[in-house]
Every structure is written in C-alpha cells, then in structure tokens.
1. Considering only residues that are more than 16 Å from the ligand (Cβ to nearest atom) and in contact with a Phe, Trp or Tyr (Cβ under 7 Å, 6 or more places away or on another chain), which ones fall in region 15-38?
2. Testing residue 81 on (1) more than 15 Å from the ligand (Cβ to nearest atom); (2) more than 26 Å from residue 34 (Cβ to Cβ), one condition comes back false. Which one is that?
3. Out of 124, 162, 145, I need the residue that is at pLDDT 95 or above, small (Gly, Ala, Ser) and surrounded by fewer than 17 Cβ atoms within 10 Å (Cβ to Cβ). Which one?
4. Determine which single condition residue 119 fails, assuming it passes every other condition in (1) of a type in the set (Val, Ile, Thr); (2) more than 13 Å from residue 30 (Cβ to Cβ); (3) modelled with pLDDT of 95 or more.
5. Are any residues in region 25-67 among the polar types (S, T, N, Q), in contact with a helix residue (DSSP H, G or I) (Cβ under 7 Å, 6 or more places away or on another chain) and closer than 14 Å to residue 98 by Cα, and if so, which ones?
6. Exactly one of these conditions fails for residue 103: (1) in contact (Cβ under 8 Å) with a residue 40 or more places away in the chain; (2) within 13 Å of the ligand (Cβ to nearest atom); (3) surrounded by fewer than 21 Cβ atoms within 10 Å (Cβ to Cβ); (4) not basic (Lys, Arg). Give me its number.
7. Can you name the residue in region 80-122 that is of a type in the set (S, T, N, Q) and not in a loop (DSSP other than H, G, I, E, B) and is also farthest from residue 2 (Cα to Cα) among such residues?
8. Mind checking whether some residue in region 121-136 is charged (D, E, K, R) and within 14 Å of the chain's Cα centre (by Cα)?
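The values are calculated or read from the model by the stated rules, or taken from the named source; none is laboratory data. Keep in mind that what you see is a predicted model, and the values were worked out from it rather than measured. Positions of Cβ are backbone-derived with ideal geometry, glycine not excepted, and every protein chain shown enters the neighbour counts.
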Amino acid sequence: MQRIGIIICDRYNTCNGGKCFRAVRERDGAFKKYVDEEVEVIGYSTCGGCPGGNIEYVASGMKNYGVDVIHFATGMLAGYPPCPNIDVFKNHIEKNIGVKVEIGTHPMPTNYLLNHKNIQDIPSNYKHYWDNLADPDEAKKYDSSRADYNEELKMELEKQKS
Ligand code: SF4
C-alpha cells in the first residue's frame, strides 16, 4: 500500500484534479510504478502561491496522515512558465520533513508537449522530469484538446463500472 499526497501549483487552484485522479486510477504517468500496489490518496492541496509558502505546512500535515510519498502535480512542470522552485521544494520536503517526493502525476499531454516545444521554455535541469512523463501513447490519451477525448473517457469510466 502506498499512501500518496498530491501538491499542485497554486496558479491552477481551481483545477478539478481530473487528470491527476484519472492517472492514479489508471496507474498512468508517475503512478505507473504502483501498478501492482494499492494506492490511497490521503491529501491534495496547493503550494499556496508563489513562492510556495504552503509547501512546508501541507507536507508536514500529510506526514501526520501517514503519507509515504508526495507527488508534485504535472502542472508544476507544465505551467507557463514551469515552476522555478521544484528542486528547492523537493529538497526541503525530503531533507527537513523526511518524506520522499516524486515529480509529476498525470502523463504530459501531447498539447502541453507541443506548446512548450514551440516556446522552448523548459529548463535543461527539468528535462529528466519531462522525459519520465512523456510516453507517446499516454500523451495522446491525456490530451483533452482531442475531439474524441470526452467520448473515450466516458467509455473508460463505463468499462470500470461493469
Ligand atoms: S509557480 Fe511554483 S511557487 Fe508559484 S504557484 Fe506554482 S508551484 Fe507554487
């Protein structure tokens, strides 16, 4: 059993979390590693806004609720621009709070990949984070700009019910 916490970028604090929770359920993206394990999401919150004043508080709280690993949402990498503090936050949570951090939640959708490729705004030290989330099949699956995205999602959800 893995108890997971998810911290998102506060710029997207109205996000419904659909892609992250879909990825947990489907064991896609950064959750692929838990394919043979049970997973419980014990918390979901934001960094609190730049420069991330809620990181310490929320990570400590998640630790109290038994979190094994905290995932930073893919939106931290996919924002415009990507969050500049990812490595600082990760280092702080791992060294000062004592909880492991993984970068990413849902796969990086094709439309996000193309947009950032055009802008060329991905820092070179983030490349390995992107590469871990950029499986081409999953990128297509999570691209909600596709005309058939909602239909495919609906079928997936119906299949799970049956
Ligand atoms: S860019 Fe980073 S520090 Fe700013 S709101 Fe997003 S996650 Fe928080």
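1. If the condition is that a residue be more than 16 Å from the ligand (Cβ to nearest atom) and in contact with a Phe, Trp or Tyr (Cβ under 7 Å, 6 or more places away or on another chain), then 19, 23, 24, 27 are the ones that fit.
2. Against the list (1) more than 15 Å from the ligand (Cβ to nearest atom); (2) more than 26 Å from residue 34 (Cβ to Cβ), residue 81 comes up short only on (1).
3. On the way: 124 fails: at pLDDT 95 or above; 162 fails: at pLDDT 95 or above.
Sole residue among the options that is at pLDDT 95 or above, small (Gly, Ala, Ser) and surrounded by fewer than 17 Cβ atoms within 10 Å (Cβ to Cβ): 145.
4. It is condition (3) that residue 119 fails.
5. Here is the first cut: in region 25-67, the residues among the polar types (S, T, N, Q) are 45-46, 54, 60, 64.
Adding the requirement that they be in contact with a helix residue (DSSP H, G or I) (Cβ under 7 Å, 6 or more places away or on another chain) leaves 45-46, 60.
Scanning region 25-67 gives a single hit, 60.
6. The single condition residue 103 does not satisfy is (3).
7. Keep residues of region 80-122 that are of a type in the set (S, T, N, Q), which gives 85, 91, 96, 105, 110-111, 115, 118, 120.
Restricting the remaining residues to those that are not in a loop (DSSP other than H, G, I, E, B) gives 91, 96, 110-111, 115, 118.
On the way: 91: 21, 96: 21, 110: 28, 111: 30, 115: 33, 118: 37 Å.
Residue satisfying both the conditions and the ranking: 118.
8. Residues of region 121-136 that are charged (D, E, K, R), as a first pass: 121, 127, 131, 135.
With within 14 Å of the chain's Cα centre (by Cα) added as a condition, the list becomes 131.
Yes, because at least one residue in region 121-136 is charged (D, E, K, R) and within 14 Å of the chain's Cα centre (by Cα).
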